[in-house]
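The values are calculated or read from the model by the stated rules, or taken from the named source; none is laboratory data. Treat the numbers as computed from the prediction; the structure is a model and nothing was measured. Please note: Cβ atoms are built from the backbone with ideal geometry, for glycine as well, and neighbour counts cover all protein chains shown. Keep in mind that these areas ignore ligands, DNA and RNA; they rest on the heavy atoms of the full protein, side chains included. Shrake-Rupley method; radii C 1.70, N 1.55, O 1.52, S 1.80 Å.
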Amino acid sequence: MKCLTILGATGTIGRNTLDVVARHPDRFTVHALTAHSDWERLAELCREHRPSVAVIGKGDAVAPLAARLREFGLTTEVRTGADSLAEVAAAPEVDAVMAAIVGAAGLLPTLAAARAGKRVLLANKEALVMSGALFMDAVHKHGAELVPIDSEHNAVFQCLPHPRPNGLAGAGIRRIVLTASGGPFRDAPVGTLDAVTPEQAVAHPNWVMGKKISVDSATMMNKGLEVIEACWLFDASPEQVEVVVHPQSIVHSMVEFADGSVLAQLGNPDMRTPIAHALAWPDRIDAGVARLDLTELARLDFRAPDHERFPCLQIAFDAQAAGGAAPAVLNAANEIAVGAFLARRIRFTDISRVIRTALDALASRSADGLDEILAVDRDARAAAEAAL
Ligand code: NAD
Ligand code: MG
């Protein structure tokens, strides 16, 4: 039996995780579920999965959540606050933590899981982008096991040999190739991007996801964050990571070896596949995902990314190459810019401008310790707000 904490249980990844977990009551139990504000959905998830603890972010939701759980006849303990998130991530009875809070808010509990030596199922790419070196140090120092949930990185993880004591080069690996769908505006005339609405931007052609990552996919900043994520997860330089646009989202990513071999992982675009893989690894379990029918697909297309249309991608490559505070600044400014776009305060094409302005002001700072990283995050949010 593996005991789980699911951070961000009410989100798209959280609910997909619980769907897989429910298929395997003989393998998994749930210690804690957490959510930011949607206490009613959290209560329903508690009814089904009977965790020991439920953590709700908004203080005024504690009482109604507790009352609802009593109505359901549950003894689940209700907690709130950032410390509670870190506690349920590090609890001694927990074996694995699904890190599926969106954005920088996920950093501290995800780090707590790593420091407690858990298996960390990492969906929250923003945490790793902000704190790459610090986070990977914590993983190594405390013997945590990091298994990526992001479909691309999970695909790469599946194609790589484990372990790799002499790094990528030592294992004969030349490049990591991340695939990108290109999002909803892949083929839209560049001149029309100024006028796109939040509704159009969150309507992803292949994946059902939270709003923030959906906008990131539309700007391709999602792929930019994933380039940085890949560098940290697999100890790669930005030059070793390539992005290729693949509209069908069937090949989830690839690894190219020195002998010319290219290994790919394929599957239907359904996050339950990487979630089930990461939950059970090295075993394989049913994920409830439809079988891939290659004859029905008929074709798979690939093309180079269009950097004029998607300036955020190159900004992210450059931020990772620059190092220091640049990735943390990029992440914070992007969160502010995406929030402002969703609130109709700026245009879609302003997102890259806001991020550049924050990077110009702050990227040269250092961001080694946790306090420095959190200070950079705060200052970058202020710089981005000022640039809206
Ligand atoms: P979502 O918006 O659907 O869910 C976010 C979850 O985080 C919710 O449970 C919410 O309650 C919680 N949350 C939000 N703000 C919080 C805060 N301040 N404090 C505590 N909890 C908070 O997002 P999602 O699509 O499930 O994505 C979650 C993470 O997984 C993101 O980092 C995203 O980049 C990553 N990811 C998602 C997908 C996908 O297919 N959805 C794929 C790859 C990676
Ligand atoms: Mg992804």
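Translational D (Stokes-Einstein, µm²/s) of region 2-149 at 20 °C and 1.002 mPa s when Rh comes from the Kirkwood sum over C-alpha pairs?
144
Of the listed pairs 58/211; 58/125; 2/212; 125/211, which have alpha-carbon separations greater than 25 Å here? Show your work: numbers first, answer last.
Details: 58/211 20 Å; 58/125 23 Å; 2/212 30 Å; 125/211 15 Å.
From 58/211; 58/125; 2/212; 125/211, over 25 Å: 2/212.
Listed highest first by mean packing, meaning other Cβ atoms within 10 Å per residue, what order do 282-292, 121-131, 346-356, 192-202 come in?
Numbers: 282-292: 11.9, 121-131: 28.6, 346-356: 20.1, 192-202: 14.4.
Highest to lowest by the protection proxy: 121-131, 346-356, 192-202, 282-292.
Sorting check: for 309-320, 44-55, which peptide has the highest mean count of neighbouring beta carbons within 10 Å, and how do the rest follow? Numbers along the way, then the final one.
Numbers: 309-320: 21.9, 44-55: 20.2.
Going by the mean number of other Cβ atoms within 10 Å, highest first, we get 309-320, 44-55.
Rounded to the nearest 500, what is the 222 nm mean residue ellipticity of the chain from helices alone, with -39500 (n - 2.57) per DSSP H run of 4+ residues and division by all residues? Could the numbers behind the result be given before it?
On the way: 17 runs with 180 residues, N = 388.
Taken over the chain, the calculation gives -14000 deg cm²/dmol.
Mind checking which of 241, 316, 264 is farthest towards the positive end of region 206-351's charge dipole, using Cβ charges of +1 (Lys, Arg) and -1 (Asp, Glu) about the Cα centre?
With unit charges placed on the Cβ atoms, the residue in question is 316.
Kindly provide log₁₀ I(q)/I(0) values, in the same order as q = 0.07, 0.10, 0.11 Å⁻¹, from the Debye equation applied to equal alpha-carbon scatterers of the chain.
Evaluating at q = 0.07, 0.10, 0.11 Å⁻¹ gives log10 I(q)/I(0) of -0.30, -0.63, -0.77.
Please compute the per residue accessible area over region 301-362 with all protein chains in place, 1.4 Å probe, rounded to a whole number of Å².
40
Within a Cβ distance under 10 Å of residue 107, other residues only, what is the Lys/Arg minus Asp/Glu net charge? Walk me through the numbers before you get to the answer.
On the way: positive: none; negative: 126, 377.
Here the charged neighbours net out to -2.
Send over the semi-axes of region 277-340's equivalent ellipsoid, whole angstrom and largest first, taken as the square roots of 5 times the C-alpha gyration tensor eigenvalues.
34, 21, 13
Could you tell me whether region 184-323 comes out rounded, prolate or oblate from its Cα gyration tensor? Rule is a ≥ b ≥ c as square roots of the eigenvalues, rounded for a/c under 1.5, then prolate if a/b exceeds b/c, otherwise oblate. Provide the component values of the computation, followed by the final result.
Values: a/c = 1.59, a/b = 1.19, b/c = 1.33.
Oblate is the answer for region 184-323, as a/c is 1.5 or above yet b/c matches or exceeds a/b.
Which whole-number percent gives the relative contact order of region 174-311, counting Cα pairs below 8 Å spaced six or more residues apart?
Details: 177 pairs, mean separation 41.4, N = 138.
Computed over region 174-311, the figure is 30 percent.
Would you please name the trypsin sites (Lys or Arg not before Pro) within region 358-387 that are DSSP coil residues with at most 16 other C-beta atoms within 10 Å of their C-beta?
365
Rolling a 1.4 Å sphere over the protein heavy atoms, what is the accessible area per residue of region 2-149, to the nearest Å²? Show your work: numbers first, answer last.
Working: 5640 Å² over 148 residues.
I get 38 Å² per residue for region 2-149.
Between region 149-205 and region 337-371, what is the C-alpha centre distance in whole Å?
Region 149-205 and region 337-371 have Cα centres spaced 21 Å from each other.
Can you quote the Å³ per residue value for the convex hull of the Cα atoms in region 100-209, rounded to an integer? It would help to have the intermediate numbers written out before the result.
Working: hull volume 15.8 nm³, N = 110.
With only Cα atoms used, region 100-209 gives 144 Å³ per residue.
With a 1.4 Å probe and all protein chains left in place, how much of the accessible area of the chain comes from carbon and sulfur atoms, in whole percent? Walk me through the numbers before you get to the answer.
Details: 8040 of 15870 Å².
Taking all protein chains in place, the chain shows 51 percent carbon and sulfur surface.
Quick check on packing: order 255-262, 151-158 by the mean number of other C-beta atoms within 10 Å, highest mean leading.
On the way: 255-262: 13.1, 151-158: 25.5.
So the peptides 255-262, 151-158, ranked by packing, come out 151-158, 255-262.
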